[in-house]
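Asker: Take a look at the following structure, please.
Taken together, the values in this text are just the output of simple stated rules run on the coordinates, not laboratory data. Quantities reported herein were computed from a predicted structural model and do not represent experimental measurements. Cβ atoms come from the backbone with ideal geometry, glycine included; neighbour counts cover every protein chain shown.
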Amino acid sequence: MRKFPAALVILGLATVGLAGCSLPGSSDCSPSASDAELLELVQVGESAGEVDFYTPFHTEESSSATVEEGDGETAITRDEQIVGLDITMVSGETGEELPPLVEGGAFLGSLAPLTQVMPTWSEALECASAGSRVVIAMAPEDIDPEIASALGLAPDESVIAVVGVDQVFLAAADGADQFNTGSGLPSVVRAPDGRPGVVVPDAAAPDEVVVQTIKKGDGPVVAADSSVVAHTLSVSWSDGEVVSNTWEQQPELIQMGEDPALTEALEGQTVGSQVMVIVPGEGDAAGTATIKVIDILGILQTAS
């Protein structure tokens, strides 16, 4: 698995604000049929950038084929999921490698910005998981004109892309519902796509940090130094108003150790879990609290 440097992590997560269309859930994930003829026309080597085919290559209809099946537990099921990709793009006219879409060819962010300018990628990468490699033959009409211009493509030029999937993060917590005791605490409700809401009780806010595991995932354990990719909904106890909500923008990167309350609440939790953390106010905010519902989507594998 490729580990992404911190600078790229920050850059990638800053680009995930665009929302994409939803694909079927992972339990119902059925990838599109792989184009066997494409695999005969385009030979993909084991190393990144090893692509061989007769030039000029031109296609009027985009297609894709799976070069290697991944063995990751999380599949790409929605365009808005955070993914780590290795991308090699080659001119169909010359067979030469094109300038990378991102520095070094390693992309980390929401899939949505890519599928908005190259819509066939949504279907091509559907159900792919970590370890997958997919070859995509792109017709000129399926490449955004601005992207085509940035790559230096002629108006009728086709492109061959080889996409390696390094990391796939959950779209929402997918763990098992947990029974929690404790009267006078908020209730968490969820929309069909997993987005949470909070029902605030008519009761006094606690004066100590409260942590409840709402859903228990079976993924890797969050450590004291982990970089956690998560969706977070924050609600004010006093008036029930939303303070912040990453579901309306993009998942956030929680660096363990920076926020003592969150670090204590999340350490030992597992990927796929949904955790409610109630943080009492201090100073002028004493007597109230902030309710945080955190969906743990994955642990970022960063370079040392």
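Asker: Among Ser129, Ser91, Ser47, determine the one that fluctuates most according to a GNM of the chain built with springs between C-alpha atoms less than 10 Å apart.
Answerer: The residue with the greatest mean-square fluctuation here is Ser47.
Asker: Continuing with this model, one more query. Please list, in order along the range 118-129, the HN-Hα scalar couplings obtained from phi with the Karplus expression 6.51 cos²θ - 1.76 cosθ + 1.60 (θ = phi - 60°), rounded to whole Hz, x for Gly and Pro.
Answerer: Those phi angles translate into 9, x, 5, 5, 4, 6, 5, 9, 4, 6, 5, 10 Hz.
Asker: Give a residue-ordered list of calculated ³J(HN,Hα) values for the range 156-165 (Karplus: 6.51 cos²θ - 1.76 cosθ + 1.60, θ = phi - 60°; whole Hz; x for Gly, Pro).
Answerer: Ordered by residue, 3J(HN,Hα) equals 10, 8, 8, 9, 9, 10, 10, 10, x, 9 Hz.
Asker: Please list, in chain and number order, the residues 5+ apart from Leu98 or on another chain whose amide H is under 5 Å from its amide H, with Hs placed from the backbone.
Answerer: For Leu98, the qualifying residues are Met89, Val90, Ser91.
Asker: Quick one: Cα centre-to-centre distance for the range 153-169 and the range 226-273, in angstrom?
Answerer: Cα centroid to Cα centroid, the span is 33 Å.
Asker: Taking Rh as the Kirkwood radius, which is the inverse of the mean 1/r over Cα pairs, what is the Rg/Rh value for the chain?
Answerer: On the way: Rg = 21.8 Å, Rh = 20.8 Å.
That ratio equals 1.05.
Asker: I've got another one for you. DSSP loop (so not H, G, I, E, B), at most 10 other Cβ within 10 Å: list which GluC sites (Glu not before Pro) in the range 140-191 pass both filters.
Answerer: Working: sites: Glu141, Glu146, Glu157; in loops: Glu157.
Here no GluC sites (Glu not before Pro) fit, given the DSSP loop and packing criteria.
Asker: Right, another one. Just name one of Ala265, Leu38, Trp247: the one whose Cα is farthest towards the positive end of the charge dipole of the chain (beta-carbon charges, Lys/Arg +1, Asp/Glu -1).
Answerer: The Cα lying farthest towards the positive end belongs to Ala265.
Asker: Based solely on its DSSP helices, what 222 nm [θ] is calculated for the chain when runs of n ≥ 4 H residues each add -39,500 (n - 2.57) and the sum is averaged over all residues, nearest 500 deg cm²/dmol? Display every interim value, and only then the final one.
Answerer: Values: 6 runs with 39 residues, N = 304.
Value at 222 nm, helices only, nearest 500: -3000 deg cm²/dmol.
Asker: Here's a follow-up. Work out from phi, with θ = phi - 60° and the Karplus expression 6.51 cos²θ - 1.76 cosθ + 1.60, the ³J(HN,Hα) of each residue of the range 183-199, listed in order in whole Hz, and give x for Gly and Pro.
Answerer: 3J(HN,Hα) across the range 183-199, in whole Hz: 7, x, 10, x, 10, 9, 10, 9, 7, x, 8, x, 5, x, x, 10, 9.
Asker: Hey, what did the chain get for relative contact order, percent, Cα under 8 Å, at least 6 apart?
Answerer: Working: 735 pairs, mean separation 57.5, N = 304.
About 19 percent, as a whole number.
Asker: How large is the dipole of the chain about the Cα centre if only Lys and Arg carry +1 and Asp and Glu carry -1, each at its Cβ, rounded to the nearest 20 debye?
Answerer: Details: 9 positive and 48 negative charges, 204 e Å.
In total the dipole reaches around 980 debye.
Asker: Under a 5 Å amide H to amide H cut-off, with H placed in plane at 1.01 Å, what residues pair with Arg78 once short-range neighbours are removed?
Answerer: Leu23
Asker: As an exercise, identify the chymotrypsin sites (Phe, Trp or Tyr not before Pro) in the range 34-108 lying in DSSP coil whose Cβ has no more than 12 other Cβ atoms within 10 Å. Before the final figure, lay out each step's value.
Answerer: Values: sites: Phe53, Tyr54, Phe57, Phe107; in loops: Phe53, Tyr54, Phe57.
Loop-located and lightly packed - Tyr54.
Asker: About the Cα centre of the range 126-177, what is the dipole size in debye to 20, counting +1 per Lys and Arg Cβ and -1 per Asp and Glu Cβ, all else neutral? Mind showing how you got there, number by number?
Answerer: Values: 1 positive and 10 negative charges, 54 e Å.
So the dipole magnitude of the range 126-177 works out to roughly 260 debye.
Asker: Still on this structure, please answer the following. State the answer as a single residue: which of Ala112, Ser238, Val163 lies farthest towards the positive end of the charge dipole of the chain, with beta carbon charges of +1 for Lys and Arg and -1 for Asp and Glu, about the Cα centre.
Answerer: The one lying farthest along the dipole's positive direction is Ser238.
Asker: Further question on the same structure: What shape does the range 20-177 take by its C-alpha gyration tensor, where a ≥ b ≥ c are the square roots of the eigenvalues and a/c under 1.5 counts as rounded, a/b above b/c as prolate, and the rest as oblate?
Answerer: Working: a/c = 1.86, a/b = 1.62, b/c = 1.14.
In terms of gyration-tensor shape, prolate.
Asker: I want the local charge near Trp247. Using Cβ-Cβ distances under 10 Å, sum +1 for each Lys or Arg and -1 for each Asp or Glu among the other residues. Let's see the in-between values first.
Answerer: On the way: positive: Arg195; negative: Glu80, Asp193, Glu248, Asp295.
Neighbour charge sum, excluding Trp247 itself: -3.
Asker: What is the Cα centroid distance between the range 99-143 and the range 60-90, reported in whole angstrom?
Answerer: Spelled out, the Cα-based centre of one part sits 6 Å from the other.
Asker: Same structure, new question: Can you list residues whose amide H is under 5 Å from Ser62's amide H, if they're 5+ apart or on another chain and H is modeled 1.01 Å from N?
Answerer: Correct list: Ala139.
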